[in-house]
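The values are calculated or read from the model by the stated rules, or taken from the named source; none is laboratory data. As the structure is a prediction and not an experimental result, all values here were calculated from the model. We place every Cβ from the backbone using ideal geometry, glycine too, and count neighbours over all the protein chains shown. Ligands, DNA and RNA are excluded from the accessible area calculation, which covers all protein heavy atoms including side chains. Shrake-Rupley method; radii C 1.70, N 1.55, O 1.52, S 1.80 Å.
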Amino acid sequence: MFKRITAIVSKEFHHISRDWQTLIIVLIMPVIMMFLYGYALTMDLKDLPVLIVDPSPSRETTNIVKAIDETELFCVAGTIHSSDNPVELFKRLHVKAIFRFKPDFASDLHNGGNSAPIQVLIDGSDPNTGTILRNTIEPLLMNIVLEILNIEQPTVVSVQPRILYNPEQKSALYFVPGLMAVILLMISAMLTSLAITREKELGTLEQLLVSPLRPPEIIIGKIIPYLILAALDGILILLVGGVAFDIEVAGDLWFLALSSSIYLFTALAMGLLISTIASTQQQAMMMVLPASMLPTIILSGFIFPLSSLPLFLQTISSIVPATYYLQIIRGIILKGVGLSVLWQPTVILMSIGLFLVFLSIKKFRVKL
Amino acid sequence: MKPIPLMIWKEFAHIRSDSFSIKLMIFPVILQVLIMGYALTNEVKNTTISVLDLSNTSASRSLTESIRHNYLFKYRTPAESIDEIRMRLDYGDIRIGMVIPEDFSSRLHEKDGAQVQILIDGQDANSSSVASGYLNAIISRWANTFLKNQMEKKRH
């Protein structure tokens with residue numbers, strides 16, 4: 001039996017080596033994606049342009065404006081004296097916030113009796129930036145004003161933050177495990193389903209079936225090369241991560257290999273399942289993308305945190321294998337924890353994998 | 001007959017007979033718009049937090065309450081020890097743990113003020129920095145209200 005499986009494996013490797021385009025995609029794309037995600041994906045808020053509306057400029061308002069400009073967060077784009085319609089200003093200029101002083105601000109400030117309000121209009125079209133601005137402007141302005149008035153603000157509470165698991169806050173450390181999940185899935189599910197449906201399309205699968213080869217041997221033979229490729233890619237990602245981004249695996253490498261293998265089997269089973277349903281390569285590709293790639297990229301916690309998703313999407317993400325795989329390898333790489341903490345996602349991942357393998361074997365027998 | 005309209009008509013005839021392609025044009029699109037509309041957000045919501053209150057005074061309780069009622073955080077059961085906070089962070093049960101030390105209430109009136117320690121799950125640098133920013137803002141706001149109340153009391 002093993003001789004026959006080896007024959008299929010070597011045949012598949014021959015196919016792959018002749019298809020150098022796919023090979024390049026498989027080996028080079030992970031590296032490109034790593035650099036993209038590692039360096040480009042950052043959502044720092046800096047130098048946001050803001051506008052000042054000051055009907056009665058005074059020493060106080062000028063000082064406040066200067067202090068606002070000096071913060072890292074803001075960059076004063078300009079000062080105007082009055083505005084009738086501030087909303088228009090947002091549309092015409094590209095400012096993120098407008099600070100409006102009331103007329104006679106300085107005298108109100110020193111009078112004590114009347115409070116001197118500063119109105120801040122915030123561009124809320126990007127909810128994240130809007131909320132951050134709304135929460136940080138009030139304490140920021142208060143500090144500025146108190147400093148200008150030379151009132152010693154007693155510190156009531158000071159916060160000592162301590163960041164665990166990723167002390168240098170490298171975004172690459174967070175993305176690399178997610179990237180592994182995506183790439184492994186892509187190779188296992190997509191390429192496998194494409195390979196099998198290609199043979200279906202060309203009619204060569206039928207020829208294989210009438211040969212002395214038994215169906216399970218054909219399947220295993222076709223899967224093994226992609227398993228090896230996916231494993232190579234996983235190692236490549238970790239190596240590039242270690243060299244280019246200084247990523248160190250805090251936990252156990254064997255557990256990492258084990259859990260990645262479980263995930264690979266799950267992904268392969270998905271590819272198999274899709275190849276039993278699709279009759280052409282095109283169909284296979286169209287099915288793989290929304291059924292496995294999309295949930296893995298969007299709903300697994302790869303980029304968008306699960307806690308920010310609405311409840312019904314969180315339910316869907318609970319059946320996406322990548323969700324659990326991500327919990328496991330982030331736990332291993334970033335937190336350095338082992339099976340004792342991660343047993344739950346591991347068991348769930350195994351169950352999903354076994355279920356998919358069982359389903360695809362059943363469908364394959366029926367189809368053939 | 002004109003060749004181009006004929007080709008267009010022929011192509012439409014092909015598409016009509018290929019029900020798979022038609023389905024593929026409709027369903028995944030609807031699905032993706034729905035999913036992406038809801039999922040593609042970099043809002044930081046429902047950050048799980050647990051408070052370890054070692055001070056147990058009215059001040060510390062008032063601070064804990066202001067965090068509990070804040071809509072930005074998902075308040076989980078209070079912790080009993082630092083080890084519990086570390087463990088729950090490891091398990092992923094909470095993303096932020098806040099420790100209010102014993103001397104919180106007494107140090108509030110001192111010059112340097114009281115201290116509060118927060119342990120942050122820093123895996124996702126972006127959302128953890130946003131979440132800790134929120135927490136800082138909540139604590140500052142509480143401190144200012146507290147200060148104002150104190151000054152009111154002194155005036156009377």
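Filtering segment A:44-70 to residues that are touching a strand residue (DSSP E or B) at 6+ places or on another chain (Cβ under 6 Å) and polar (S, T, N, Q) leaves only A:Thr61.
Residue count for segment A:267-295 under the criterion of being more than 12 Å from every other protein chain (Cβ to nearest Cβ) and closer than 23 Å to A:Thr346 by Cβ: the result is 8.
Look at segment A:226-249: where a residue is assigned to a helix (DSSP H, G or I) and a partner is open to solvent by 50 Å² or more (accessible area, probe 1.4 Å) and among the aromatic types (Phe, Trp, Tyr), sitting 6+ places away or on another chain with Cβ atoms under 8 Å, you get A:Ala244/A:Phe35. Could you go through segment A:260-268 and let me know if any residue there is touching a residue at least 60 places away in the same chain (Cβ under 8 Å), open to solvent by 20 Å² or more (accessible area, probe 1.4 Å), in a helix (DSSP H, G or I) and farther than 28 Å from A:Gly331 by Cα. Looking through segment A:260-268, none of the residues is touching a residue at least 60 places away in the same chain (Cβ under 8 Å), open to solvent by 20 Å² or more (accessible area, probe 1.4 Å), in a helix (DSSP H, G or I) and farther than 28 Å from A:Gly331 by Cα.
Yes/no per residue for (1) more than 30 Å from A:Ile316 (Cβ to Cβ); (2) open to solvent by less than 50 Å² (accessible area, probe 1.4 Å); (3) of a type outside the set (Asp, Glu); (4) more than 11 Å from chain A (Cβ to nearest Cβ):
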site	(1), (2), (3), (4)
B:Leu24	no, yes, yes, no
B:Leu54	yes, no, yes, yes
B:Lys74	no, no, yes, no
B:Tyr91	no, no, yes, no
B:Met98	yes, yes, yes, no
B:Pro101	yes, yes, yes, no
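Evaluated against (1) in a helix (DSSP H, G or I); (2) in contact with a helix residue (DSSP H, G or I) (Cβ under 6 Å, 6 or more places away or on another chain); (3) more than 11 Å from chain B (Cβ to nearest Cβ), A:Asn135 falls short on exactly one condition, (3). In segment B:112-146, the qualifying residues are those that are polar (S, T, N, Q) and open to solvent by less than 10 Å² (accessible area, probe 1.4 Å), and the one that is nearest to the other protein chains (Cβ to nearest Cβ) is B:Ser127.
With respect to (1) open to solvent by 60 Å² or more (accessible area, probe 1.4 Å); (2) without any contact (Cβ under 8 Å) to a residue 12 or more places away in the chain; (3) within 10 Å of chain A (Cβ to nearest Cβ); (4) farther than 25 Å from A:Ile132 by Cβ, the lone exception for B:Leu40 is condition (4).
Candidates are the residues of segment A:147-185 that are in a helix (DSSP H, G or I) and facing chain B (nearest Cβ under 7 Å); the one that is farthest from the chain's Cα centre (by Cα) is A:Ser171. For segment A:232-243, a residue qualifies if it is open to solvent by 30 Å² or more (accessible area, probe 1.4 Å) and in contact with a helix residue (DSSP H, G or I) (Cβ under 7 Å, 6 or more places away or on another chain), and exactly one does: A:Leu236. Here segment A:320-350 is the region considered, the condition is being in a loop (DSSP other than H, G, I, E, B), at negative phi and modelled with pLDDT under 90, and the residue that is nearest to the other protein chains (Cβ to nearest Cβ) is A:Val337.
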